[in-house]
């Protein structure tokens, strides 16, 4: 029997309609939908556990997003012809969905929740990432989960000054911004993206336009749930910190906590002091018992003291305009930076802001070093990329080093987006550029420190970036109806605060942003204040960076490759490469260079990478010889390659060989060619003819006397 499917169509922007269907596939999950825009379709499912695991005190939400190559009629590259670990794009999309949804679950919900998003059809016009954000929300709404949605995600572009919601892939390429915005009908909850130095006012206008479409998508989800018969039944119990226990801890330990957070600050002593108060609260409340008569455990008591800490910190910020490290609300921590720290890398910088420090290193490579991209919606190789690493020692932890986690990938892509608008194009600077951003210490916004370290490292490497880029993380605290915006937030302010808003840019505008809201509602006035306060902080950091290094180095590192580009007739590409790459491999070995050959817009491009000028010039000369065209009537010195009864084949240029017929070797009759020539001999020849088929006819007669001796 064919299942009964419910479909809701939503016109979320002028001329653009998205459909959400439920009830056709994946019905054993708690909630499932298929979202479609054009020919792009995403299956989103929500599956929840029946009960929480014993002793768990956190929300175990897992979000997955996968782009199946079959969805676009493609076969995955590589030896194993199936999808492997998530790509960076898939990881980033999963994070975007997670960050929009996670804050909208109630405290004390500890049930395993798994959101899966599969791209099942990949059209050529629309990307699937924002569709996953809509689908995950709709699936949760149908599941009956205690989710404070619906939410929706849209992409915002600007083309010729006009905002476009959910642009096509081609339109996104033309745009000067690429923002993904998530929100509910009454508030935005997440923003991430990049831009080409847009103003703060333009950013706010883009968010307003995005929110209009988000409201329509949220309303459409609610209509879908109603048409489908309402949400499924789902029973759960909340495990929140008891209010009476929080009040008890506040009365007993509140003054101690307030005194501690107002005392001298450094990260280690601050956390140690809070930990000591929690230990004392547990010892004095429990004694030798495992729980109180009310059933409160040591974990409950520690959580209650944590709530007291949160309240006291907010009270201090709002009432005293003072932060836990004593700074003003708009004050940036102490800055220290250095360039050229690493002698063998092509460019390096240390950037330190308070207790956050990043070591950035820049490597310049050739076209062989591009990052190959094998994705459903994107196949363009990357010649600029940034890799971010957050080792455990940066926060004083003893742990294992493993591959990059989702957070590391997300932070790296954010920093990469921040710097991308100022990276020179390949025609101006034909290098592949890789930045390593290694976090040495962390206490707040290491991703923004990575932007600053990366920018300084590029200058130190001599990369002609248009302008330096800096980044800053902004926070927000609300208490008793009052709101305060914080500049350069600490890790604890991020943890206990209401917003994490990372903004990067040059002196002329914003290049990237990432915002996560933990509360409902963010007025335009507060957003404008945060953006303007961030611009002032960014300017302060850029001033300090300028004092360290204000312009790109005039010379590249002695260890960096020197790249030279030659343009050749595309018909000669095969000659430079040779059969099976024989010629180009030989050239590289003989001249100690790296040579790549490509075709761009109908022109052959030969790129030569060398560590010294002599090697580069040798390779250039060899390539010029290969692509040179033999001219009739010219004289050449050639090398005898092969001898036959009817004459000899002489190479007059690399890969250019002509026939020296037996009748053209001497003025006299030649009975045996080997009496006159041997393989490897250097001989002077005259080019008699270049035939239509490209074959060359040579003579030696002008260079030998009548008696056969070479003149």
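The values are calculated or read from the model by the stated rules, or taken from the named source; none is laboratory data. This structure is a prediction, so every number in the text was calculated from the model and none was measured. Please note: Cβ atoms are built from the backbone with ideal geometry, for glycine as well, and neighbour counts cover all protein chains shown.
Which one is farthest from the chain's Cα centre (by Cα), of the residues in the stretch 551-596 that are at positive phi and part of a helix (DSSP H, G or I)?
Among residues in the stretch 551-596 that are at positive phi and part of a helix (DSSP H, G or I), the one farthest from the chain's Cα centre (by Cα) is 580.
Each row is one residue, and each column tells you yes or no for (1) assigned to a helix (DSSP H, G or I); (2) more than 25 Å from residue 27 (Cβ to Cβ); (3) in contact with a strand residue (DSSP E or B) (Cβ under 6 Å, 6 or more places away or on another chain); (4) at pLDDT 95 or above.
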{"site": "131", "(1), (2), (3), (4)": "yes, no, yes, yes"}
{"site": "134", "(1), (2), (3), (4)": "yes, no, yes, yes"}
{"site": "137", "(1), (2), (3), (4)": "yes, no, no, yes"}
{"site": "141", "(1), (2), (3), (4)": "yes, no, no, yes"}
{"site": "164", "(1), (2), (3), (4)": "no, yes, yes, yes"}
{"site": "208", "(1), (2), (3), (4)": "yes, yes, no, no"}
{"site": "214", "(1), (2), (3), (4)": "yes, yes, yes, yes"}
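In this structure, does residue 170 turn out to be closer than 20 Å to residue 418 by Cα and not in a loop (DSSP other than H, G, I, E, B)?
It is false that residue 170 is closer than 20 Å to residue 418 by Cα and not in a loop (DSSP other than H, G, I, E, B).
Condition (residue is on the phi < 0 side of the Ramachandran plot and in contact with a helix residue (DSSP H, G or I) (Cβ under 6 Å, 6 or more places away or on another chain)) applied to the stretch 422-431: is it met by at least one residue?
No - not one qualifying residue is present in the stretch 422-431.
Of all the residues that make up the stretch 4-44, how many are closer than 23 Å to residue 146 by Cβ and out of contact with any strand residue (DSSP E or B) (no Cβ under 7 Å at 6 or more places or on another chain)?
Qualifying residue count, the stretch 4-44: 2.
How many residues are closer than 21 Å to residue 116 by Cα and not in a strand (DSSP E or B) when one looks only at the stretch 1-37?
9
Among the residues of the stretch 240-270, which ones are surrounded by 14 or more Cβ atoms within 10 Å (Cβ to Cβ), under 38 Å from the mean Cα position of the chain (by Cα) and modelled with pLDDT of 85 or more?
261, 270, listed by residue number.
Kindly indicate whether residue 349 is farther than 22 Å from residue 108 by Cα, touching a strand residue (DSSP E or B) at 6+ places or on another chain (Cβ under 7 Å) and modelled with pLDDT of 90 or more.
yes
From 31, 38, 73, grab the single residue that is surrounded by fewer than 21 Cβ atoms within 10 Å (Cβ to Cβ) and either in contact (Cβ under 8 Å) with a residue 60 or more places away in the chain or not assigned by TED's automatic domain parsing to the domain that holds residue 135 (or both).
Going through 31, 38, 73 in turn, the sole match is 38.
To keep it simple, each residue is scored yes or no on (1) surrounded by 19 or more Cβ atoms within 10 Å (Cβ to Cβ); (2) closer than 14 Å to residue 47 by Cβ.
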residue	(1), (2)
98	yes, no
102	no, no
107	no, no
112	no, yes
117	yes, yes
120	no, no
127	yes, no
136	yes, yes
139	yes, yes
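From 525, 488, 498, which residue is surrounded by 24 or more Cβ atoms within 10 Å (Cβ to Cβ) and closer than 30 Å to residue 311 by Cα?
Among 525, 488, 498, only 488 is surrounded by 24 or more Cβ atoms within 10 Å (Cβ to Cβ) and closer than 30 Å to residue 311 by Cα.
Residue 541 fails exactly one of the following numbered conditions: (1) assigned to a loop (DSSP other than H, G, I, E, B); (2) crowded, with 19+ Cβ neighbours inside 10 Å. What is the number of that condition?
With (1) assigned to a loop (DSSP other than H, G, I, E, B); (2) crowded, with 19+ Cβ neighbours inside 10 Å applied to residue 541, the lone miss is (1).
Go through the stretch 145-162 and give me each residue that's touching a residue at least 40 places away in the same chain (Cβ under 8 Å) and either surrounded by 24 or more Cβ atoms within 10 Å (Cβ to Cβ) or not in a strand (DSSP E or B) (or both).
145, 146, 147, 148, 149, 150, 151, 152, 153, 154, 156
Of all residues being touching a residue at least 60 places away in the same chain (Cβ under 8 Å) and in a loop (DSSP other than H, G, I, E, B) in the stretch 520-538, which is nearest to the chain's Cα centre (by Cα)? Just the residue, please.
522
Checking the conditions here, which among 615, 569, 601 is outside the structural domain of residue 656 (by TED's automatic domain parsing), more than 30 Å from residue 205 (Cα to Cα), in contact (Cβ under 8 Å) with a residue 12 or more places away in the chain and out of contact with any strand residue (DSSP E or B) (no Cβ under 8 Å at 6 or more places or on another chain)?
Just one listed residue meets the conditions, 615.
Just checking, how many residues over the stretch 645-682 are assigned to a strand (DSSP E or B), farther than 18 Å from residue 694 by Cα and in contact with a helix residue (DSSP H, G or I) (Cβ under 7 Å, 6 or more places away or on another chain)?
1
Inside the stretch 395-421, can you point out the residues that are in contact with a helix residue (DSSP H, G or I) (Cβ under 6 Å, 6 or more places away or on another chain) and either assigned to a loop (DSSP other than H, G, I, E, B) or not assigned by TED's automatic domain parsing to the domain that holds residue 371 (or both)?
Matches in the stretch 395-421: 399 only.
Identify, by number, the condition in (1) without any contact (Cβ under 8 Å) to a residue 60 or more places away in the chain; (2) farther than 24 Å from residue 502 by Cβ; (3) assigned to a helix (DSSP H, G or I) that residue 185 doesn't meet.
(3)
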